[in-house]
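Right, one structure below, let's go through it.
Only the coordinates and a few stated rules stand behind these numbers; no lab work does. Computed from a predicted model, the values in this text were never measured in an experiment. Note that we place each Cβ from the backbone using ideal geometry, even for glycine, and neighbour counts take in every protein chain shown.
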């Protein structure tokens, strides 16, 4: 069940997706954190951020639109308040980082490079929930290259850029990440979305728009993982609508080395561990020695 994600050794390929698992303590009484492949914490910026006005979430027919606005305690607050807790576990901790400028990305990466207990950095350049910064970085490939290269210069830790989902040529961004020194890539982030109250004719979310996650985006995510995995040699993390081992298998067979469970954590916190057991059962049922044998095994 073990995999190597760009230098991060994981006991199994199942991670938590950033933004859906808090910083770890929120779920510690609900599941065994040591049984996860990795914990990816909520996005951290240079300074504390209050986030967007409420309402911040709205359910859809087959998913969730959120506009949290990347609320977080800032890098110093996170290191002070949460890293000591996370060090108690033998599960790798991957910190999702973001900034409004390239300089902010660099400063956050530098702080974590000097912090023990951090296995790697996921670089958020594709969040649709804030109005500046990462939206520009994700939509312009030259800006994307600049921020990935800048973070690479500031950290020796494994670096995993998280790609935006709204690109017809996702392979170009995947190759750009690899060329700029990424150790792996993750995809997809949430899809830009909106919900309207027909009675009031107003947006439901306080931010007006947000990001769609959950089962509705899984087919899009699987396709983009397939496209990206064929374009690069570095590992790929598949994200988007994973609620079962079968969902995870689709991503792995498409080319993902690891997967991240996101929205399902809100309704069934044990989903990630159920996916782990489901993958283990699949290997036994198909007489496969390793989950690594499944990566990119799609028959076409």
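The mean sequence separation of alpha-carbon pairs under 8 Å and at least six residues apart, normalised by the residue count of the chain, gives a relative contact order of 20 percent.
Provide 98, 226 in ascending order of the number of other Cβ atoms located within 10 Å of each residue's Cβ, fewest first.
On the way: 98 27, 226 23.
Fewest-to-most ranking of 98, 226: 226, 98.
Summarising the label geometry, the points placed 7 Å from Cα in the beta-carbon direction at residue 202 and residue 34 lie 5.0 nm from one another.
The modelled label-to-label distance for the pair residue 281/residue 60, using points 7 Å beyond Cα in the direction of Cβ, is 3.0 nm.
Between rounded, prolate and oblate, where does the stretch 3-294 land on the alpha carbon gyration tensor, with a ≥ b ≥ c its root eigenvalues, rounded for a/c under 1.5, else prolate if a/b exceeds b/c? Present the calculation step by step, with values, prior to reporting the outcome.
Working: a/c = 1.25, a/b = 1.11, b/c = 1.13.
It is rounded, given that a/c, with a ≥ b ≥ c, falls under 1.5.
Considering only 283, 273, 70, the Gaussian network model of the chain with Cα springs below 10 Å gives its largest mean-square fluctuation to 283.
Site pair residue 267 and residue 288 shows an inter-label distance of 2.6 nm when each label is modelled 7 Å from Cα along Cα→Cβ. For the stretch 276-300, the residues whose amide N sits under 15 Å from a probe point set 7 Å from the Cα of residue 246 along the beta carbon direction are 278-279, 282.
Per DSSP helix of 4 or more residues, -39500 (n - 2.57); summed, then divided by the residues of the chain. What does that give at 222 nm, rounded to the nearest 500? Don't jump to the answer; show the numbers that get you there.
Details: 11 runs with 101 residues, N = 300.
Result for the chain, helices only: -9500 deg cm²/dmol.
Taking other C-beta atoms within 10 angstrom as a stand-in for reagent exposure, 173, 266 fall in the order 266, 173, fewest first. Each of 199, 277, 250, 104 has some number of other Cβ atoms within 10 Å of its Cβ, and from fewest to most they run 199, 277, 104, 250.
Within the listed set 269, 54, 158, the Gaussian network model of the chain (springs between alpha-carbon atoms below 10 Å) gives the highest mean-square fluctuation for 54.
Mean-square fluctuations from a GNM of the chain, with a 10 angstrom spring cutoff on Cα atoms, peak among 260, 61, 177 at 61.
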